[in-house]
Amino acid sequence: MSKLERPIGLEEGWQTMADGISKLKRLLEGESTEPPHDYSEQLYLRYRSSLEAYVSERVLPSLEGLEGAALLRQLCRRWDNHALMVRWMSRIFSYLDRYYVQRHNLHGTRDAGLLVWRDQALLALVEREREGEGADAPLLKATLATYQEVGMGTLAAYEADFEQVFLKRTAEYYRSLGARWLEACSTPEYLARVEATLSSEEARVNAYLHVSTRPKLLHAVETELIKAHSAALLEREGSGCAALLRDARTDDLTRLYRVFNRIPHGLDPVAIIFREHVERQGLDAVRAATEAAGARQAKEREAGRAARDGAAAPEHVFIKAAIDLHERYYRYVESYFGNASLFHKSLKEAFETFCNKLVGRVPVAEAMASYCDALLRKGSAAEKLTDEEVERQLDRVVKLLAYVSDKDVFSENYRTRLSKRLLGSHASSEDLEKGVLVRLKQQCGTQFTSKMEGMLQDLSLAKQKEEAFEAWLARGQGAAPPIDLAVTVLTTGFWPSFKQLDLNLPEEMVRSQDVFNQFHDEHTKKARRLTWQLSQGTVHVRAQFDKMYELVMTPPQAVILALFNEAEGELAYADIQSQTRIPGEDLDRLLASLTFAKHKLLVKSPLSKTVSPNDAFAVNAKFTDRMRRIKIAAPVLDQRRKVTEEINNDRQLAVQAALVRIMKSRKKLGHQQLIAEVVTQLQKMFSADVKLVKRSIEQLIDREFLERSPDDPSVYVYLA
């Protein structure tokens, strides 16, 4: 047995230890205090390094391969040994505690020794487990529970001695890992790793960390992996947010939403990219439709007539594209972006941008009305669709209307087209017409649809009145009109304004009018004045050419043709005008429709492609057509100009009404505030032009509704 292996008695052993301790203390104090060198710092650092080496080289290897109770016993034994060694070593190095540690505000030698155990043993085990090398979760949980015991049931010791350093080390770990991932991965791959990491960290909390650490730990991970690289991830070429939207990678977009939703304001840049993407798609559709409209107009100019190629109007193509865009990206918001209000706002802003543009020369609002007309009109391509499909398309158009600023442009254009469908018996279904008005009322309010609903109701009452007229004639209460007569009586306030023509009617028409006037006066007790709108309606004319034809035309066209019943040969332009009393501009269009259109009922001299006051007209004796019943095309009117005038008139009235309402309520108001309130009050219907508001204020001052304050000309006073 060697000298070191033989039993050593207490006295002998203590003497050896006491001598060693004395020598060691003298040596340490000399190293720390004796000139010319002060090695306190080096001693402190080497003291800590020796403990770190002991833990990493002796303690951790001793735990490898152990499980369960054996692992826990070994850990406890090693901790007891470490704590005992640190306690004694701190006494040996007590001089450092008294002077060097206090002077430099460092951890004392005892605390430093315990921190070595935390950093080199406990945190090392956590990091090994994080790297997937495997660690005993129950052991870690039991070990961490000792911090609560030390804290007498509170988390003070756990938070101060373990959690703070653990979170710092976690942030450092993921800061480095995130930088490596960013170089190696595409955005979807990076986000998939982030989600997996966050799940593993949550599992880590559930396995052995205190529940209070969960939000702090996840915040540290989210900050380093998401927030620190958010811009780079979203803007990455080929795999960033814009690329995912472009390629419709919906699963990746859903993950992107989930990940960025974890950090404050993380979705703000995503919503901006989404808005820009949708806006770009919409503007591309506007541009394509505008170019198609330009090409179509050029083709029409070259042909000298409207294109008849069967292709849908470019503005209708745009509306369909806008509907498809809205369907697609509304689904994105609902299904992939958590139905978040932020993305609804982005979608709204994007559609507001391109839904208030011109498609060619047509405002989108007008194009919407025209598209609805195509869906609801008899004989259109929409007849191939079922009623359910038409309803679905109409519902989508009404949804688009929410993004249009000038809803009155849609309203007036829709009302004008509705009147033509109803009066011309071109409406494919009354139920569909009513369904659209219900949707419009829900979207825009009762006032928006009141006139249109009045038109439908008016037409129903007109049919009843027509039946009453037929019964009145059948009873012999009035003389039978010389021609078959069907009159539609309308209420002026509901319908668009019609051009008033003072026609010199043929005798048969005048006598027929007189019969209906008699019935109307008896029926209403002369309480309602009847005005004949001779620019509207249809007249069925029997005409003998190579065979007998039935010609369907407008009253002014019929009045012109009737002149040739008595004429011998040609009629001069001036004679036609004097006998019909039709203004020159209207007469030019009417004669052109009878002379140059598809069905050339008249011929003119001299031959030319335009009508002039020096022309003479005669019946086209060579007219022939395979059909016996022919609809003669009506003159083409500048409908857009007429509707625009109606809109401008209505806007002026709306602005004046808003001014009176506001001033009647406020009594006195400054110029800028009054304008702002008027614009705000009217913005649901249209964007009020400030110049129009100012002009309306001046008009109300002239009409003595308002006056300027004598004390301040920029303040208006309401005059009761």
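The values are calculated or read from the model by the stated rules, or taken from the named source; none is laboratory data. Bear in mind that the values here come from a model prediction, so they are computed numbers and not experimental data. All Cβ positions, glycine included, derive from the backbone under ideal geometry; neighbour counts span all protein chains shown.
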Being without any contact (Cβ under 8 Å) to a residue 24 or more places away in the chain, part of a helix (DSSP H, G or I), under 26 Å from residue 635 (Cα atoms) and of a type in the set (S, T, N, Q): is that true of residue 447 here?
no
Residues of region 255-274 classified as basic (Lys, Arg) and in contact with a Ser or Thr (Cβ under 8 Å, 6 or more places away or on another chain), total:
0
Scan region 438-475 for residues that are loosely packed, with under 13 Cβ neighbours inside 10 Å and of a type in the set (S, T, N, Q) and jot them down.
442, 446, 447, 457, 460, 464
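Residues checked against (1) at pLDDT below 95; (2) out of contact with any Leu (no Cβ under 6 Å at 6 or more places or on another chain); (3) closer than 20 Å to residue 411 by Cβ; (4) among the hydrophobic types (A, V, I, L, M, F, W, C):
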site: 667; (1), (2), (3), (4): yes, yes, no, no
site: 681; (1), (2), (3), (4): yes, yes, yes, no
site: 684; (1), (2), (3), (4): yes, yes, yes, no
site: 687; (1), (2), (3), (4): yes, yes, yes, no
site: 700; (1), (2), (3), (4): yes, no, no, yes
site: 708; (1), (2), (3), (4): yes, yes, no, no
site: 713; (1), (2), (3), (4): yes, yes, no, no
Counted residues, region 580-597 - those being within 27 Å of residue 550 (Cα to Cα) and either among the acidic types (Asp, Glu) or exposed (fewer than 10 other Cβ atoms within 10 Å of the Cβ) (or both):
2
Extreme residue, nearest to residue 563 (Cα to Cα), among residues of region 487-514 that are among the small types (Gly, Ala, Ser) and in a loop (DSSP other than H, G, I, E, B):
497
Can you tell me which residues in region 375-404 are of a type in the set (S, T, N, Q) and either buried (at least 17 other Cβ atoms within 10 Å of the Cβ) or within 30 Å of residue 486 (Cα to Cα) (or both)?
380, 393
Has region 669-677 got any residue that is over 30 Å from residue 543 (Cβ atoms), surrounded by 12 or more Cβ atoms within 10 Å (Cβ to Cβ) and among the β-branched types (Val, Ile, Thr)?
yes
The lone condition residue 248 fails out of (1) in the same structural domain as residue 363 (by TED's automatic domain parsing); (2) small (Gly, Ala, Ser); (3) outside any helix (DSSP H, G or I) is (1)
Please verify whether region 422-441 includes one or more residues that are among the polar types (S, T, N, Q), outside the structural domain of residue 647 (by TED's automatic domain parsing) and part of a helix (DSSP H, G or I).
no
(1) within 30 Å of residue 448 (Cα to Cα); (2) hydrophobic (A, V, I, L, M, F, W, C); (3) at pLDDT 90 or above: which one isn't true of residue 643, the others all being true?
(3)
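For region 375-402, give me each residue that is touching a residue at least 60 places away in the same chain (Cβ under 8 Å) and either assigned to a strand (DSSP E or B) or not polar (S, T, N, Q) (or both).
376, 381, 396, 397, 399, 400
With respect to residue 550, determine if the residue is touching a His at 6+ places or on another chain (Cβ under 9 Å), in contact (Cβ under 8 Å) with a residue 24 or more places away in the chain and of a type in the set (Asp, Glu).
When the stated conditions are applied, residue 550 passes them.
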